[in-house]
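The values are calculated or read from the model by the stated rules, or taken from the named source; none is laboratory data. These numbers come from a predicted model, not from an experiment. Counting neighbours? That spans all protein chains shown, and the Cβs are built from the backbone with ideal geometry, glycine included.
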Amino acid sequence: MATAVTSLHFLIILFTSVKLLALAEEEAQFIHNGFQGASLHLGGIAKIHPNGLLQLTNTSKQQIGRAFFPVPLKFNTSSGDSRSLSFSTIFAFAIVPEWQALGGHGIVFTIAPSMDFPGAVASQYLGLFNVTNNGNSSNHVFAVELDTILSPDLQDTDGNHVGVDVNSLDSKVSAPVTYFSNKEGKNKSLELISGKAMQVWIDYDDVQKLINVTLAPLKSPKPSMPLLSTPINLSSIFLESMYVGFSSATGAMASDHYILGWSFNRSGEAQSLEISELPSLPPRKKERKTLVVIVLLSLTTLVIVLVVLMGAGYIIRKMKFEELREEWEGEYGPQRFSYKDLYKATKGFKDKELLGAGGFGKVYRGRLPSSNLEIAVKKVSHDSKQGMREFVAEIASMGRLRHRNLVQLLGYCRRRGELLLVYDHMPNGSLDKFLFSDENPILTWPQRYHILRGVASSLLYLHEEWEQVVLHRDVKASNVLLDANLNGRLGDFGLAKLYDHDTNPQTTHVVGTVGYLAPELTRTGKATSSTDVFAFGAFMLETACGRRPVELQGYPEGGVLVDWVLECWKRGAILLTSDPRLEGNYVAEEMELVLKLGLLCSSPIPAVRPSMRQVMQYLNGDAPLPEIPRNFPSMGTFGANGEESAEVITSFPSSSGTTTVRSFSSSDSILNHGR
């Protein structure tokens, strides 16, 4: 009898759920004051708590969470209803950052043709797109983003904004987060990562072709003035059937992203949420502190016994994963990786995971166990504490650099005598392997020109477009890495030097590679954006000619590449210097432009070199390239007899691809082997 009653109860619940879904599809409206028993389609790491709280992501790095109404809604119907595209939705959300005032990346409400987004990535793409399909008109995706990270490559306004997106996360319109107080009659600021619950109203009027987005604290009434109000025509975006829901993502920094309640209506204004019925958020870390202390005290005796029993094994394991941590490093928590995680990710830094080795350390391939993210870990030796705090501060700053042609610096770890830098992994390795090795396919001229423009764009961003000037100081083919689509990404910021705008940069040592070092750098030891331009000029010639800047043997015309190209230009035969492996398959005008621009950038006279902004204008065809004077000096004839000197730490590229590191004073020639 009990079994029969239970079965009947189950069938009633099943029938009710199916009926409600069918009704929602027909009427195109629903409301969830909490999500207990809700039939949502969950993806990624999204889950529903027992109290009905929908959690899209936790504080795991580089993760995606999604939740969609499982039934497609009808849009663009053929009924001729003028409201066929209109909709209204209300939802309550909260973003709780892992670290106070540091969280990532945000939430989007979206209307899309599918609940799956193949190839979508986390971080700034919020689980909707990737660098390849972002902006494609075939996406048919509408979204309203609540973004907590400033991403310059997506034209973000700041790190706390709301944006209206169509087929791309380059928002059509965006604004810093504020709400209009009806009581006070003025706008008041809101912080998305405050950890406090808020409400969002999104209303689209298909007759007026107008979208309104409004925000307010959870218990405040709907403001009379929206945050965003902009005309938009969704007739070409929406298909016959579309899904509605949410997507959220974390990056190098993470937040808990929650949805407390959700109301949607396709035929009128969405029903208001019942605030008193919404689930509560989990207690913050500070609120849990007392409970944690009590638990820890209760377990103290047990812990002591376990430590004694495990004894030697515990000590050995601790020494194996021992890290060097100082009190001041607490403020850089989000950028710090544990050595244990990096050790596991690289399988104990085994040689089979070795990607390459140079004068400044070895680089290993790894995969983070928590997020399955593929990374590259560079181990750099260091013995002195002097300047380490400033260096870690620079690493934390560089972790906020965002550009499609930069290898993302994810963070660091410190051990005694060792510094580990963690980067995004680039599956195709470094560019020099394609230029000088027969093991990889030959890059075509369009691929090389695309790589040159990409690296130039990244240097322009470092020099002029970020909040601080960043000097790379070691631009060369082996520091240009290629992603899966053979896009060039400038890497190895472990050697970069930051300095504030409008200040005079000072460096104690000159770091770089022979053939890429500007003459004034070896004399004065002062790195500038112009010395980066010099190195980029050598890199341009290297890419176009398929030769290293300095070859000590094997070339009867001379071992200095820039002098050989200059000599051929003076004889009117500059195209003879192009890479013979291209077999003449290139656009002559582009090849000549790259070679001449490489000469200008490689001028021994700093005033002659263009800025990276001018370089981009020349490569994009937005400005004509200046004529090279007939008396243009060569490196071989340019004297290096300045009064100032500096210790120079430099590497010599060889035909085998290996690298050695040497020091010499500024009075030595940069083309010389010994002191």
### Query
Would a scan of region 372-383 turn up a residue that is more than 31 Å from the chain's Cα centre (by Cα), modelled with pLDDT of 65 or more, not hydroxyl-bearing (Ser, Thr, Tyr) and not in a strand (DSSP E or B)?
no
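Quick grid of which residues meet (1) touching a Phe, Trp or Tyr at 6+ places or on another chain (Cβ under 7 Å); (2) within 19 Å of PRO633 (Cα to Cα):
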| residue | (1), (2) |
| --- | --- |
| GLU567 | no, yes |
| LYS570 | no, yes |
| PRO580 | no, no |
| GLY584 | no, no |
| LEU597 | yes, yes |
| ILE605 | no, yes |
| ARG609 | yes, yes |
### Summary
Result of the Cβ filter at 6 Å on region 203-218, keeping first residues that are in contact (Cβ under 8 Å) with a residue 24 or more places away in the chain and partners that are basic (Lys, Arg), at least 6 apart or interchain, is ASP206/ARG83
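When region 127-156 is examined, which residues are found to be among the hydrophobic types (A, V, I, L, M, F, W, C) and either closer than 17 Å to PRO176 by Cα or crowded, with 18+ Cβ neighbours inside 10 Å (or both)?
Selection gives LEU128, PHE129, VAL141, PHE142, ALA143, VAL144, LEU146, ILE149, LEU150, LEU154.
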### Message
Can you tell me which of (1) in a loop (DSSP other than H, G, I, E, B); (2) closer than 25 Å to SER194 by Cα; (3) among the hydroxyl-bearing types (Ser, Thr, Tyr) is the one SER168 doesn't meet?
### Response
(2)
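Check whether at least one residue in region 163-183 is closer than 23 Å to ILE45 by Cβ and either in contact (Cβ under 8 Å) with a residue 24 or more places away in the chain or surrounded by 22 or more Cβ atoms within 10 Å (Cβ to Cβ) (or both), and report yes or no.
Our first condition is that a residue be closer than 23 Å to ILE45 by Cβ; within region 163-183, this holds for 165, 169.
Adding the requirement that they be either in contact (Cβ under 8 Å) with a residue 24 or more places away in the chain or surrounded by 22 or more Cβ atoms within 10 Å (Cβ to Cβ) (or both) leaves 165, 169.
Looking for residues that are closer than 23 Å to ILE45 by Cβ and either in contact (Cβ under 8 Å) with a residue 24 or more places away in the chain or surrounded by 22 or more Cβ atoms within 10 Å (Cβ to Cβ) (or both), one finds at least one in region 163-183, hence yes.
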### Task
Exactly one condition in (1) in contact with a His (Cβ under 8 Å, 6 or more places away or on another chain); (2) within 20 Å of VAL177 (Cα to Cα) is not met by PHE69; state its number.
(2)
### Task
Evaluate the following for SER189: is it in contact (Cβ under 8 Å) with a residue 12 or more places away in the chain and in contact with a Ser or Thr (Cβ under 9 Å, 6 or more places away or on another chain)?
yes
### Summary
Of the listed residues (ILE193, ILE202, ILE107), the one being among the hydrophobic types (A, V, I, L, M, F, W, C) and outside any strand (DSSP E or B) is ILE193
